[in-house]
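Here is the structure we will look at, set down as structure tokens.
The values are calculated or read from the model by the stated rules, or taken from the named source; none is laboratory data. Note that the structure is predicted; figures quoted are calculated from it, not measured. Every residue, glycine as well, gets a Cβ built from its backbone with ideal geometry; the counts of neighbours run over all protein chains shown. Keep in mind that these areas ignore ligands, DNA and RNA; they rest on the heavy atoms of the full protein, side chains included. Shrake-Rupley method; radii C 1.70, N 1.55, O 1.52, S 1.80 Å.
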Amino acid sequence: MKKRILFSVAFALLLTGGAMAQDVVTLPAPSKNVEMSLYGALQQRRSVREYEQREVDNATLSQLLWAACGISRPAESKITAPSAINAQDIRVYVIRKEGAYLYDPANNTLTRKSSKDLRPAVAGRQTFTTNVPLCLLLVSDQSKFGGRQTGEKLGAMDAGYVSQNIYLACTALGLGTVARETMDRETLQKALQLADDQVLELNHPVGWDKTPAKREKLPFKFEVVEQPDSSAAAAPQQGESGNDIIDMK
């Protein structure tokens, strides 16, 4: 009888441990080796609403999350995105078919917060995001500003910084995304058990760009163009000055 009880307890602990292991996902270290330059990403950044139906692997997700608001200077605990009074109020939730996870920049992990598929709630009225591989949900923890009265504008501003990082990282990685304000806030607030001071700001559906041909790396160089001598009789053309100009091609 005692052996059976011990076996049952051990088996239950094994199951619990397995469930806990699945609830915390350790992401691969984010690679910073990306071919596209910052200026190339700025040149090609656009909003994408059509995605391939294949998963975004954890290695790529790790790169994307680090770019969004990961730890860039560990010694100073600084992140990749600017933040008002360094509050670092933006929390990023990864919404997938198998559940919703909270990104922990310090440990580069995902912690499950819900086992529900919340993509329809993120989609809201715009159903094109319902079956997207994943969504990134930006939530401002305005308790870090002393509450919503003082944090409303600052939280929206910080979400904008993170949103732009997501756009540029997606462009460099060959992913597509679009920043959205539309979502079913009530459902998401309850499912993620958000406090009143945790405000849903923006969301980004993310997937492999269905039209990669439009995202080929374009040549991007600077050329210094010599201007005529200032003593020349001809008047300068419109847009010219006495200094060398940089011609972008």
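With a 1.4 Å probe and every protein chain left in place, tell me how much accessible area TYR161 has, in Å² to the nearest 10.
Its accessible surface works out to 80 Å², give or take rounding.
For the modelled label position 7 Å from the Cα of ASP57 along Cα-to-Cβ, which residues of the range 69-103 have backbone nitrogen atoms closer than 11 Å?
Under cut-off, by backbone N: nothing.
Amide H neighbours of VAL34 under 5 Å, at least 5 residues apart or on other chains, H built in the peptide plane: list them.
none
Please identify which residues in the range 57-91 have an amide N closer than 13 Å to a label point set 7 Å out from the Cα of THR150, following the Cα→Cβ vector.
Correct set: 85-87.
Please state the charge dipole magnitude for the range 16-168, taken about the Cα centre, from unit charges on C-beta atoms (+1 on K and R, -1 on D and E), reported in debye and rounded to the nearest 20.
Using Cβ point charges on Lys, Arg, Asp and Glu, the range 16-168 gives about 300 debye.
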